Amino acid sequence: MTELVGLADVRAARELLAGVTRTTPLEPSRPLSAVLGGPAWLKCENVQRAGSYKVRGAYVRISRLSAAERAHGVVAASAGNHAQGVALAAGLVGTQATVFMPLGAPLPKVAATKGYGARVELVGNTVDESLVAAQAFAERTGAVFIHPFDHPDVIAGQGTVALEILEQCPDVKTIITGVGGGGLVSGIAVAAKALRPDVRVIGVQAAGAAAYPPSLLAGEPVRLPAYGTIADGIAVGRPGELTFVHVRKLVDEVVTVSEEDISRALLVLLERGKQVVEPAGAVGVAALLAGVVRVETPAVAVLSGGNIDPLLMLRVIEHGLAAAGRYLRFTVRCSDRPGQLASLLAEIAEHRANVVDVEHQRAHPHLRLGEVEVALSVETRGVEHSDALIGSLRASGYQVVFAGEA
């Protein structure tokens, strides 16, 4: 039997973290409250030191190393948040950190990890491949491997998030958070279930990297054959042995959300909540907005991190606008005669839609003689406005084609 982390472990971790991590704010969310029909709050770990909750577990783990272990340094593998947490914690403790990151790790996360004093090695295409390289480095050099989620100290450190939530919102009924390897949700469940057994703890995974549903069904950790998601912070192909036991025994439900759900949640958080959040940090909100899980209120969604690549943010915002029906990309085929483009744009203007970009193409093999194709990017006010615009264009005889329909 694997021994579970206990409430005493989480409380001890909190004592270690005093003066190291900040007590992050709990902010009300009107959009979520409206959807849920009751009070909803955001636990803002996106403004934690190093930009995520990860520093909690990393510091607890590293601070408990012996002097001899610290002398050999520490090593970790991460797509970014654990990397920064380990780098910051190692610097505070006074030991050298080496971090292995995937080749595609966001550049801002790589730069931030280096900025905290860690040596960074880019190896592999996934976190799992980076993990193998990090473990080999530990065996070769004697550095202590700091697992991103599958260690009691890490789970206890992450559980301090729940202690703060229960103090900030004593009547909370549901806590919902993202799940990758399971360290955060395990720690939260340990503390929440010990202090308030009636609180439901819900985990959320990106559908493209959801290892927990099949693992829970099989009764043991199962490795995904392939996975991918914009939520790189929770892109983990297999649950940890220790975290799996915690999730199976303590977490009430694990659900999944689509990439569109995540994009829409990021847009809502940015536009309505004024919160800069990375995709992995928004999956709890995504699940609530998409209605994939029924919850009791007051509910708290944990924004687990805010380390988003600005370039990814631009793409996600555009994707989120499209998912919300507020940004359209389509082509219109029509006859190539003088004034045709002006007529098309005038009809769009009549519907008070804003043309962001337009490309006029008449020389293409798939076009018939005398036919022209106009590629348009248009901003609208939502799904109904978009449907009305497209319906009007088609009623006027224009051939409207969306990406993937050609």
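The values are calculated or read from the model by the stated rules, or taken from the named source; none is laboratory data. Source: prediction; values computed, not measured. Backbone-built Cβ (ideal geometry, glycine too); neighbour counts: all protein chains shown. These area figures cover heavy atoms from the full protein model, side chains too; ligands, DNA and RNA do not enter into them. Shrake-Rupley method; radii C 1.70, N 1.55, O 1.52, S 1.80 Å.
Out of everything in segment 107-133 that is within 18 Å of Leu88 (Cα to Cα) and in contact with an Asp or Glu (Cβ under 9 Å, 6 or more places away or on another chain), what residue ends up being least open to solvent (accessible area, probe 1.4 Å)?
Lys109
Is it the case, given these coordinates, that Thr229 is outside any helix (DSSP H, G or I) and over 27 Å from Ala50 (Cβ atoms)?
Taking the combined requirement at face value, the residue does not satisfy it.
Among the residues of segment 1-22, how many are loosely packed, with under 15 Cβ neighbours inside 10 Å and farther than 18 Å from Ala189 by Cα?
5
Condition check ((1) surrounded by fewer than 24 Cβ atoms within 10 Å (Cβ to Cβ); (2) in contact with a Leu (Cβ under 9 Å, 6 or more places away or on another chain); (3) modelled with pLDDT of 95 or more) across all residues:
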{"position": "His147", "(1), (2), (3)": "yes, yes, no"}
{"position": "Thr160", "(1), (2), (3)": "no, yes, yes"}
{"position": "Lys173", "(1), (2), (3)": "yes, no, yes"}
{"position": "Ile176", "(1), (2), (3)": "no, yes, yes"}
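Working only within segment 184-208, note down all residues that are assigned to a helix (DSSP H, G or I), open to solvent by less than 10 Å² (accessible area, probe 1.4 Å), touching a strand residue (DSSP E or B) at 6+ places or on another chain (Cβ under 9 Å) and more than 13 Å from Val245 (Cα to Cα).
Listed by number, the residues that qualify are Leu184, Ile188, Ala192.
Look through segment 334-375, keep the residues that are among the aliphatic types (A, V, I, L, M), modelled with pLDDT of 85 or more and surrounded by 16 or more Cβ atoms within 10 Å (Cβ to Cβ), and return whichever of them is nearest to Leu267 (Cα to Cα).
Out of the qualifying residues, it is Ala353.
Can you name every one of the strands (runs of 3 or more DSSP E) wholly within segment 12-129 that holds 3 or more residues which are not β-branched (Val, Ile, Thr)?
Of the strands (runs of 3 or more DSSP E) lying wholly inside segment 12-129, those with at least 3 residues that are not β-branched (Val, Ile, Thr) span 26-28, 40-44, 97-101, 119-122.
Please verify whether Pro225 is modelled with pLDDT under 95, open to solvent by 10 Å² or more (accessible area, probe 1.4 Å) and over 17 Å from the mean Cα position of the chain (by Cα), treating the condition exactly as stated.
yes
Scan (1) within 30 Å of Val292 (Cβ to Cβ); (2) among the acidic types (Asp, Glu); (3) in contact (Cβ under 8 Å) with a residue 40 or more places away in the chain for the single condition Glu167 breaks and write down its number.
(3)
When residues of segment 303-328 are filtered for being under 23 Å from Gly104 (Cβ atoms), surrounded by 20 or more Cβ atoms within 10 Å (Cβ to Cβ) and at pLDDT 80 or above, how many remain?
Total meeting the criteria: 5.
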